[in-house]
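To keep things clear, I will list the structure first and then write my remarks on it.
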Amino acid sequence: MHKIKKRAPAAAKRPALYNIIEDYSECDPPGNVWVCAMTDAEDLDAHALVLGESYAIPHGEMQQLLRQGGVYVYPQTGLLVTRGACACRLDPAGVMPKLTWGLDVEQYAETEQLKRAYGLALEEAAWRVFHRALAPELQDKLQRKNLGLDYAKLDRAIARGGDITYIDFRKDWSPHFKRLCIIPDGTLVETSGIDEFAQLHAITVAQAHALIERGGILEVGGDVLACQIVNGQPSVARFNQAQYARAKELAVQKSTHIMDALSEVGLSNPGMMRALKRLEKPYS
């Protein structure tokens with residue numbers, strides 16, 4: 001049976017990217033975002049590393065975008081535009097926090113139309129298109145300093161950082177960019193990047209990207225990785241050979257989808273159910 005590789009202990013604690021998280025993922029797409037903010041000084045290199053991974057943008061170009069602001073438009077590889085853009089908005093006066101967000105293909109097309117119709121800068125058009133899709137409550141909060149948060153009620157460690165320095169509007173499956181996976185014995189294993197996730201499960205980076213972007217299953221030796229996407233948030237569980245065989249039996253017996261059968265197997269496993277309950281709790 002394939003054994004999951006154990007990661008070596010981290011040499012140093014990874015820098016924290018966010019200390020304020022607000023969930024607006026229940027809003028209708030494309031405004032279904034996580035608001036991920038930081039009151040401490042920006043670690044630009046770490047910030048660029050994680051955003052670059054998430055948006056599939058080269059590290060150097062992501063660093064430049066965070067330093068200078070603007071819009072990164074993905075290179076067109078064929079006749080059709082298949083990817084949107086990533087934007088960073090800076091306030092020259094330094095009053096408003098740095099803002100980053102992604103545009104899907106339709107939003108990018110709207111941005112180009114708005115730019116041409118009104119003679120706007122691409123960044124301004126991108127912000128208008130993105131902003132109007134957000135939840136009304138969030139649009140209102142963005143007009144207030146520090147999202148209108150009552151610092152007297154915030155954790156002291158967060159409040160002492162001062163004003164919010166940057167906000168990332170994210171749609172990742174974890175607002176902290178940490179990927180949690182339930183493995184067959186009910187243990188929750190955490191990885192902090194797509195490369196580490198792929199290495200842990202002995203799959204390629206391309207396979208890992210496809211799994212978490214599209215959902216479904218991926219056979220790994222005798223085991224199987226199952227990814228279900230709910231409200232744009234993928235969750236991954238790994239099933240061993242016996243559990244996978246049982247799920248395939250159930251799928252045939254009940255004429256159901258293999259994902260539903262795997263869910264049934266997971267729900268009947270006490271260890272995996274305990275892990276699922278832990279996974280559903282917010283973490284920091």
- Determine if region 126-133 includes at least one residue that is assigned by TED's automatic domain parsing to the domain that holds ASP28, touching an Asp or Glu at 6+ places or on another chain (Cβ under 6 Å) and of a type outside the set (S, T, N, Q). yes
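Given the options ASP45, ASP40, ASP91, name the one that is charged (D, E, K, R), more than 19 Å from the chain's Cα centre (by Cα), surrounded by fewer than 17 Cβ atoms within 10 Å (Cβ to Cβ) and under 30 Å from ALA157 (Cβ atoms). Can you show your working first?
On the way: ASP45 fails: more than 19 Å from the chain's Cα centre (by Cα); ASP40 fails: surrounded by fewer than 17 Cβ atoms within 10 Å (Cβ to Cβ).
ASP91 is the lone residue from the list that is charged (D, E, K, R), more than 19 Å from the chain's Cα centre (by Cα), surrounded by fewer than 17 Cβ atoms within 10 Å (Cβ to Cβ) and under 30 Å from ALA157 (Cβ atoms).
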- Message: Go through (1) in contact (Cβ under 8 Å) with a residue 40 or more places away in the chain; (2) crowded, with 16+ Cβ neighbours inside 10 Å for GLU106 and report which single condition fails.
- Response: (2)
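Please find, among SER235, SER263, SER255, the residue that is touching a strand residue (DSSP E or B) at 6+ places or on another chain (Cβ under 9 Å), outside any helix (DSSP H, G or I) and either surrounded by 15 or more Cβ atoms within 10 Å (Cβ to Cβ) or at pLDDT 85 or above (or both). Talk me through it step by step, then tell me what you get.
Details: SER263 fails: outside any helix (DSSP H, G or I); SER255 fails: touching a strand residue (DSSP E or B) at 6+ places or on another chain (Cβ under 9 Å).
Selected residue: SER235, the only one of SER235, SER263, SER255 that is touching a strand residue (DSSP E or B) at 6+ places or on another chain (Cβ under 9 Å), outside any helix (DSSP H, G or I) and either surrounded by 15 or more Cβ atoms within 10 Å (Cβ to Cβ) or at pLDDT 85 or above (or both).
Just wondering, is there one or more residues in region 113-124 that are basic (Lys, Arg), farther than 27 Å from GLN228 by Cα and out of contact with any Asp or Glu (no Cβ under 9 Å at 6 or more places or on another chain)?
Pass one, region 113-124, residues basic (Lys, Arg): 115-116.
Subset that is farther than 27 Å from GLN228 by Cα: 115-116.
Filter once more, so that each one left must be out of contact with any Asp or Glu (no Cβ under 9 Å at 6 or more places or on another chain): 116.
Yes, some residue in region 113-124 is basic (Lys, Arg), farther than 27 Å from GLN228 by Cα and out of contact with any Asp or Glu (no Cβ under 9 Å at 6 or more places or on another chain).
The values are calculated or read from the model by the stated rules, or taken from the named source; none is laboratory data. Everything numeric here is computed off the predicted structure, so don't read it as measured data. Quick reminder, even Gly has a Cβ in these numbers, built from the backbone with ideal geometry, and neighbours come from all protein chains shown.
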